[in-house]
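Reading through the structure tokens given below for one structure.
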Amino acid sequence: MKIDAEAVLFSLKCFAAAMLAYYVALSIGLTRPYWAVTTTYITAQPLAGAVLSKAVFRTGGTILGAAAAIVLVPTFVNEPLVLAFALSLWLGLCLYVSQLDRTPRAYTFLLAGYTASIIGFPSVDAPGQVFDVSILRVQEILIGIVAAAFVHGVIFPRTVTHKLFQRIDAMLADAERWSRGSLVQQRSATLGRERNGLALDLAELLQLSAHLPFDTARILPRVRTVRALEDQLSMMLPLASSVEDRIDALAATDDGVPADVTALLARVDAWLETGVPDKTDRDARAQALLDEALALEPVPRESGPLWREMLLFSLLSRLQELIATHRDARDLRDQIRSPSVRAISPHVGELVDRAGSRALHRDRGIAIRTALATIATIMLGSSFWIATAWDQGAGAVLIAGVACALFGAADNAAKQIDTFMIGAVAGILLSALYAFAIMPRVTDFVMLAAVLAPALLIIGSVLARPAHGLLALGSVVGFVNSVGLNATYSENFATFVNSSTGLIAGIVFSGLCVKLFLTAGPGSTVARLVRAGWRDVALRARGGAPDAGPWLARMLDRIGLLAPRLAQQEADPDRPLLDALVDLRIGYIAGQLSAMRGAMAPEEREPVTATLAEIARFFGRSNPKTADPPPVALLDGIDRSVGAFARDPERERRRAGLLLLTSLRRNLFPAAPPWEAVAA
Amino acid sequence: MIGEISIFGVFVPSLLLLTLLALALTGILTAVLQIVGFYRIIAYRPLVDLALFIFLLGLLVLVSAPFGPTAA
């Protein structure tokens, strides 16, 4: 019921913005006022900040695209086919750039691409109008954008900040619950899968924070603080799973987990349940737990049960990091909620200053393929249109290009285009009813608004439901563009049928081309993601990505991309996803080892260098289809390194080296028998 | 009378340019006010932002009016 009320409000706002834009465009006396109306619907989103950011990006993109059309059309005006090629190249280029961006900003490039098409293709037959059409388009879009920003931003705005606060609280509660699941050995089968939802949450946080500077809340948190929180959250997943792994390994040894460690784990568990949300003594209690964990750390020696002590040591060290991460995340949450821009504590200030930029996974191959497919679609369509001199060809080709640009990057592009087409057909049918039965009787603006209200309000309420957004978008394009929102009623049935046929033909054609050129299913996307992750691990093992922050962000982003694809692909998505997490930990440790090499003794450096080279070779060559196990020589190299470090007289270095090697060995060879001194 | 400005042969209505400029200025001004903490003493931020935009647009129109075609 609550969602319905929101959808109704949203729909009313959309309608108000549309009528406002239409009225303004009419009053100024612009032709094609329906561009402004369509814009109000395309920029409409539930969150105020998101509308404003989309508005800004759309303005920038439209101006850029109009400029491109003004440059391209007069230059190639004598050769229609060359002009079509130039426009398709421009669209392809913009599409490529927008796919590499992957933040809401990408919309600018997308729009720059297809605005040039929208202006350019109809100009192929009438090149003299390109200047007028360009400036008209910019004006209409701006009117639509200002109307939408005004209505969605000023009237009962739902702010990004509010949503961000809600999401952060939910995420922290989840993260704490998941960490507790790792500490006490009560793991349900669903926990692992659920936990990978954290990677998705991080992606959502990133998208939300991109809108933050445009939000209309009274108190805006700094984007940098949100970044710092993302840094902490992204550490939690690998840390909690490492702790879990070490507890498992210890429990499997003859003596099991020592009693005092079990007691400590129980106290950390209790702290995560009740202590962390409590602001007053969070720091004091966290410090007490950290001290306790530090006091329990054994000093690994060469003699005695080294492997067991290494495991224990690794567990306690990771546990300390986990405690600190949870504490910092909660502190940052308080900072985000704080009305002041000043840091609530010096430590939080430090965390915020350290926050790095978030790197995202990029797939140039897929971006190039989508761009090429779009270019090919436009060129095929243009050849047909120009060769047959079909008078609606320009419209069909441009809508085909737009459809490719909008949906080509998705895994299920063909399906999305089909949904869009169903919406467009429904919109056109509705529009036919309006244009020839209702509109002829309309005499003034108020009556027109009243008549349009039922149709637009229904479309708006569908638009408010994310699952059917595409359908609504299609019907907006189908309905608003053809219903005849002009200064005077001038509908002609033949023209209507012709242009509608062109529109549908364009969408059908783009659907066919997408099926032809972009046949990759989710399976190959998964393989590409996994392989890209492995190459990144290899890079880090070679010392190529010394800065852990962006590297970690990229790996986690990939886990976030993998999770939904695996969920729809397999019955049990746990396994390969956990592997991605293991890869992440291996790469992280390998990078730390590689950075430590300069400080090592020569007899330690030799086996470590060999091990890292072996890791780089393994991950650089692995193929997701065969999924070979890591080579035995690698285990040998790790064991030799452990032996070398165990003999190190310098305590700190021995500690650091053994810590990293324990993690590496556990992650690469979880099934291997415990390390023994004879291997050295 | 609303004048038009020629940019590379495209006649752009000056109101369009002024609106874009005013939008950009509003964006900068609100960001500054946000950092200063001005919005903490405000009840409903969107209306303040809207008023700022209208002020700025009006100001720009007034300032640019002497350069318009009617002044000549």
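Readers should treat all values here as calculations from the given coordinates under stated rules, not as data from a laboratory. What you see is a predicted model; the values in this text were computed from it and never measured. Here Cβ is always computed from backbone atoms with ideal geometry, including for glycine, and neighbour counts include all displayed protein chains.
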At 0.692 mPa s and 37 °C, Stokes diffusion of segment A:291-410 via Kirkwood alpha-carbon radius, µm² per second = 157 µm²/s
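Could you list A:Ile135, A:Ile118 in order of exposure, starting from the residue whose Cβ has the fewest other Cβ atoms within 10 Å? Intermediate values should be presented prior to the final figure.
Details: A:Ile135 21, A:Ile118 24.
If I rank by nearby Cβ atoms, fewest first, I get A:Ile135, A:Ile118.
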query = Using mean Cβ contacts within 10 Å as the protection proxy, how do B:16-27, B:31-42, A:491-502 order, highest first?
reply = B:16-27, A:491-502, B:31-42
ask   = Taking each residue of B:37-46 in turn, how many C-beta atoms of other protein chains fall within 10 Å of its C-beta, and what is the average?
value = 5
inquiry  = Whole angstrom only: what separates the Cα centroid of segment A:132-156 from the Cα centroid of segment A:45-111?
reply    = 17 Å
key: Pairwise FRET efficiency - A:His468 versus A:Leu89, Cβ, R0 = 45 Å, nearest 0.05   = 0.85
remark   = Residues whose modelled amide H sits under 5 Å from the amide H of A:Arg158, counting only those 5 or more places away in sequence or on another chain, are A:Ala48
message = Bin width 10 Å, origin at 0, all Cα-Cα pairs of segment B:4-67: what percent of pairs per bin?
response = 20, 42, 24, 11, 2
request  = Label segment A:387-470 by shape, choosing from rounded, prolate and oblate, from the square roots a ≥ b ≥ c of the eigenvalues of the Cα gyration tensor; if a/c is under 1.5 it is rounded, and otherwise prolate applies when a/b is larger than b/c, oblate when it is not.
outcome  = oblate
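Output the direction-averaged projected area (hull surface divided by four) of the convex hull of the alpha-carbon atoms of segment A:522-679, in nm². It would help to have the intermediate numbers written out before the result.
On the way: hull surface 37.2 nm².
Hull-based average projected area comes out at 9.3 nm².
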message = Once you keep just the Cα pairs under 8 angstrom separated by 6 or more residues, what percentage relative contact order results for segment A:1-126?
response = 25 percent
Mean Cβ count within 10 Å, highest first, over the residues of peptides A:313-322, A:386-395, A:646-655 = A:313-322, A:386-395, A:646-655
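Work out, in µm²/s and without decimals, the Stokes-Einstein translational diffusion coefficient of segment A:89-173 at 25 °C, 0.890 mPa s, Rh from Kirkwood over C-alpha pairs. Don't skip to the answer; put the middle values down first.
Working: Rh = 15.9 Å.
Here the translational diffusion coefficient equals 154 µm²/s.
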ask   = What list of whole percents do you get for P(r) of segment A:160-354, with Cα-Cα distances grouped in 10 Å bins up to the one holding the largest distance?
value = 9, 34, 32, 17, 6, 1, 0
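Could you list A:Ser11, A:Ser475, A:Ser53 in order of exposure, starting from the residue whose Cβ has the fewest other Cβ atoms within 10 Å? Working shown, then result.
Details: A:Ser11 21, A:Ser475 29, A:Ser53 25.
So the ranking, lowest neighbour count to highest, is A:Ser11, A:Ser53, A:Ser475.
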ask   = Tell me, what is a quarter of the convex hull surface for the C-alpha atoms of the protein assembly as shown, in nm² with one decimal?
value = 36.7 nm²
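Shielding by partners for A:218-225, please: the mean number of other protein chain Cβ atoms within 10 Å of each residue's Cβ. Let's see the in-between values first.
Numbers: counts 11, 5, 6, 0, 2, 0, 0, 0.
For peptide A:218-225, the averaged partner shielding equals 3.
Tell me, A:Met235, A:Met447 in order of fewest to most beta-carbon neighbours within 10 Å?
Details: A:Met235 22, A:Met447 11.
Fewest-to-most ranking of A:Met235, A:Met447: A:Met447, A:Met235.
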key: Rg and Dmax [Cα atoms of segment A:208-299; Å; Rg one decimal, Dmax integer]   = 18.3, 60
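Quick one: putting +1 on the C-beta of Lys and Arg, -1 on the C-beta of Asp and Glu, what dipole do you get for the protein assembly as shown around its Cα centre, in Debye to the nearest 20?
Working: 67 positive and 65 negative charges, 137 e Å.
For the protein assembly as shown, the charge dipole is close to 660 debye.
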